[in-house]
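Structure first, then comments.
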Protein chains: 2
Amino acid sequence: MAQARYTAIKEHIIRQIDGRHWLAGDRVPSENELAVEFAVSRMTARRALQELSEQGLLVRTQGLGSFVADSRPMSSLLEINSIDREIAARGHSHRAEVLCLEECHADHPTALMLGLADGAAVYHSIVLHWENNTPLQREERFVNPLFGPDYLKQDFTRVTPSVYLSGISPLTEADQTIEAVNVSTEVAAALQIAQDEPCLQLKRRTWCQRGIVNLASLVYPGSRYRFGGHLNF
Amino acid sequence: MAQARYTAIKEHIIRQIDGRHWLAGDRVPSENELAVEFAVSRMTARRALQELSEQGLLVRTQGLGSFVADSRPMSSLLEINSIDREIAARGHSHRAEVLCLEECHADHPTALMLGLADGAAVYHSIVLHWENNTPLQREERFVNPLFGPDYLKQDFTRVTPSVYLSGISPLTEADQTIEAVNVSTEVAAALQIAQDEPCLQLKRRTWCQRGIVNLASLVYPGSRYRFGGHLNF
DNA sequence: CAGTGGTCTAGACCACTGG
DNA sequence: CAGTGGTCTAGACCACTGG
């Protein structure tokens, strides 16, 4: 087939939006109006509107109509999402197990990354995140006490460290790296994997306005997780 | 309405996948089979399969059927850069070694990802990329001959496959995943690493306007490479 | 060839919104 | 109330796939 009719309708609508003929918030023709205009059935006109809605170009409300969306959302390069929401989005249950929650002294590499003096007091946590009955992520954090003074008093089985930290001071920056690593016997045991299973390790530093908030190391079994995304050019 | 019928069908399929009754690569019932089983019209059964396909749980191919997709979860996103430019940016020298360049027949998973029929003719290349005197990346590609008819005639020691492909047809989309994996003895030997060294594997599919151009698998030794990025909020 | 998904029609009933 | 989008039907023709 040369071109599907719903595609022709989509392209027509996109042209109107790109050409600024239809602006954000404007009502676009209804399913019935498009069906008449393009001499197609309502189902075909509907498909065009539906797909544009899924692509984020239109917003549709029953009883009201279809409207040009505010602006085309750019796919952010790296997003930070919280593990509990991510698991919930898959319809699975999340459970957090606190393996460690203490004050300790930063060793040299940790202090360097946090911008603190060697041996400075930092808060340290290790939390294991379960998806249903399988460990999915081991989360280890070193937190600058300046930016999370009550960190040690939190119940991280109820609110994840990530959610807690982003709640007390808005994050302004982050950098992260992703590596493939082997893990220690302790970590392998916690994650319930074989010692030689390759793991993904995401290391992330987050900033608030006044400085580096924390250093996180997130370890996922290679067989249970992958990072991914979709790009549009 | 209590629940839409297409939602009930979707939930049924999701249960089968979650319950490991249907595994990655398995064929799921066709539109017609679901229509009979759930006593709905084909359009309604179709909608269930279609939405699951858009959500990434199924992969559909005309004439073949609908199949369970690789189910491991995904998160976040990285950008695409070319290995030779990246090495050059570090002030190092890049060299490419062509290990394989041939026409072959796509096996089932490869065909699925490319949207081709099982056994369809595809172009296949394996190129090893060196940074100074150390192998950094093993690049394996399956290319749809439709979008790169002269692929086998190229000299990939001069122009990388990535640069060649993006030159002949502008890319419009890509999706990619990053995993931690073990590699075969052959791949370990090519990369000059120990058999048990964990590696990063980036799998990328790229689209041009008319369809899926190619499937790339990039493998990096875990000790020599990591992905990273900086975010501003 | 029979089976698959891709597109499309011309109807239908419904829940919801504004006037 | 008339108009909107949400769901659904029972057909149709098509391109494509495997055997």
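A short reminder: the numbers here are calculations on the coordinates, not readings from a lab. Here the structure is a predicted model, which is why all the values come from computation and not from measurement. All Cβ positions, even for glycine, are placed from backbone atoms using ideal geometry, and neighbour counts span all protein chains on display.
Things to note:
- Mean partner shielding of peptide A:40-53, defined as the number of other chain Cβ atoms within 10 Å of each residue Cβ, is 0.
- Ascending list, in nanometres, of distances separating the residue A:92 label from those of the other copies (7 Å, Cα toward Cβ): 3.5
- Phi-based couplings in Hz for segment A:146-163 (Karplus 6.51, -1.76, 1.60; Gly and Pro marked x): 4, 9, x, x, 9, 3, 6, 8, 7, 9, 7, 7, 9, 10, 5, x, 4, 5
- Between copies, residue B:3 shows label-point distances of 4.1 nm, shortest first, with the point placed 7 angstrom from Cα along Cα to C-beta.
- Options B:222, B:156, A:169, ranked by Cα towards positive dipole end of the protein assembly as shown, top entry (Cβ charges): A:169
- Candidates A:176, A:55, A:154, ranked by Gaussian network fluctuation over chain A, Cα under 10 Å, top entry: A:55
- What you get for the protein assembly as shown, charging only the Cβ of Lys and Arg (+1) and of Asp and Glu (-1), is a dipole of about 1300 debye around the Cα centre.
- The mean sequence separation of alpha-carbon pairs under 8 Å and at least six residues apart, normalised by the residue count of segment A:5-68, gives a relative contact order of 40 percent.
- Database remark: amide H of residue A:197 closer than 5 angstrom to no amide H (H placed geometrically; neighbours at sequence offset of 5 or more, or on other chains; Pro and chain starts carry no H).
- Label-point spacing at residue A:19 relative to the other copies reads 5.3 nm, in ascending order, each point sitting 7 Å out from Cα along Cα→Cβ.
- Charge dipole (debye, nearest 20) of segment B:74-228; +1 at Cβ of Lys and Arg, -1 at Cβ of Asp and Glu: 400
- Cut-off 10 Å between beta-carbons: net charge of the residues surrounding residue B:112, Lys and Arg +1, Asp and Glu -1: -2
- Here the sum of -39500 (n - 2.57) over DSSP H runs of 4 or more residues, divided by the residues of chain B, equals -8000 deg cm²/dmol at 222 nm, to the nearest 500.
- Dividing the mean sequence gap of close Cα pairs (under 8 Å, 6+ apart) by how many residues segment A:137-216 holds gives a relative contact order of 38 percent.
- Summed residue charge, Cβ within 15 Å of residue B:11's Cβ, Lys/Arg positive, Asp/Glu negative: +2
- Residue-wise HN-Hα coupling along segment B:29-34, computed from phi with Karplus coefficients 6.51, -1.76, 1.60 (Hz; x: Gly, Pro): x, 6, 3, 5, 5, 5
- In this structure the amide hydrogen of residue B:208, modeled in the peptide plane, comes within under 5 Å of the amide hydrogens of B:172, B:213, none closer than 5 places in sequence on its chain.
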